[in-house]
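Below you'll find the structure, written out as C-alpha cells, and then a few comments.
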Amino acid sequence: MQSIVIVPKERKDLIRKMKRESKPSRRLRMHITLLAAEGRSPTEIARTLFCSRTTVYSIVGRFIREGRAAFDDRQRRGPAPLVDDSARELIEELTEEGSPIERGWLRSRWSCKLLALELFKERLLVVSRETVRRVLHRLEFRWRRPRPVPPPKDPKEKRKRLEDILDMLRRERSFFQDETKLETNPKVGLCWMRKGEQRKLKTPGNNRKVWISGALEFSTGRFHWVTGERKNADLIHEAA
C-alpha cells in the first residue's frame, strides 16, 4: 500500500472534522486515512475499524488521487431512463390538454395503458403502463376526479320552457299516465391531472334530467307522450 503523508496542521484539522462528522461512511474514510498516515498496515487498520482490507486499499488509493474528495460518496449512475424527452413531452401534452377521441380512441380520458398504446402508435416508445404511471407521477400528475362545470344559463331557453308548461296547463284533459327519467349529466370518473389542480369537466348542466312521460287520453283513446326537462312539460306527441 502506498504511504500517505499529512502535515501536522492538516492532521489536526482532519481529526477535528472526523469527530464532528455525522455521516458514518465519511467518518470511516477519514479514520482510515489518518491511521494510514501514521504508518499502520492495511491488516491492522481493517482489524481496528472492523472493515475489509479491500476497503482500506480503496480509500487510501482514492485519497492519493483525489485528496479530501475521497471522503465523499461516489455518485452512482443508474440505468438510462426508458422515456426520453420527446415521449415525456407527448405524455404531458396529451394528459393535460388532449382528448383520446381526437387521436382516434373511443375513450373519454387517458389511462396509463392508453398512453402507452399511443406512444407505440406514434412509433416513439414501447413501454409498460407502469412506466407511464411513474412518468406521470414525476410530472406531478395525480389520478383524481374532475370538477363538473355547467354550461352558461340561457334566459330565453328558460322562458320558452315555462311558456310551454303554461300552454299545456290550459288544456283540460284527463289522462292515464306513466313516466320515466333519464339523467343527462355524465358519471364523473377519475383521470390524470396536475398536482394541486382540479381539471374541469364540461357537463350539460347542474341536475338536469330528461323526463319521458306517456299518457292515454280517456275521452278520445289517443296515446300521448311527453319529453322535457321537467314533469308534464315541453313537447306533446300524439299517436292513435
- [ ] Any aspartates and glutamates with Cα under 20 Å of the residue 113 Cα? List them, leaving off those in the same chain fewer than 8 positions away.
- [x] 84, 85, 89, 92, 93, 96, 97, 102, 122, 130, 140
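Determine the alpha carbon to alpha carbon distance for each of 181/209; 153/209; 187/209; 160/187 and list only those over 18 Å.
Those over the limit are 160/187.
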TODO: Please find the FRET efficiency linking residue 105 to residue 200, where r is the Cβ-Cβ separation and R0 is fixed at 30 Å, and quote it to the nearest 0.05.
DONE: 0.90
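Volume per residue, Å³, of the convex hull around the alpha-carbon atoms of segment 8-71?
Considering the Cα atoms of segment 8-71, their hull volume per residue is 77 Å³.
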Task: For 31, 137, order by how many other beta-carbon atoms lie within 10 Å, fewest first - done: 137, 31
- [ ] List the residues whose amide H sits under 5 Å from the amide H of residue 201, counting only those 5 or more places along or on another chain, with H placed 1.01 Å from N in the peptide plane.
- [x] 147, 149
Task: Charge-dipole axis of segment 8-71 as Lys and Arg at +1 and Asp and Glu at -1 on Cβ define it, positive-most pick from 31, 52, 15 - done: 15
Open item on the list: Which lysines, if any, have their Cα less than 18 Å from the Cα of residue 17, not counting same-chain residues under 8 positions apart?
Closed with: 9
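Here, each number is a calculation from the coordinates, and none is a lab measurement. Just so we're clear, the structure is a prediction, and the values are computed from it rather than from any experiment. Virtual Cβ from ideal backbone geometry, glycine too; neighbours counted across all protein chains shown.
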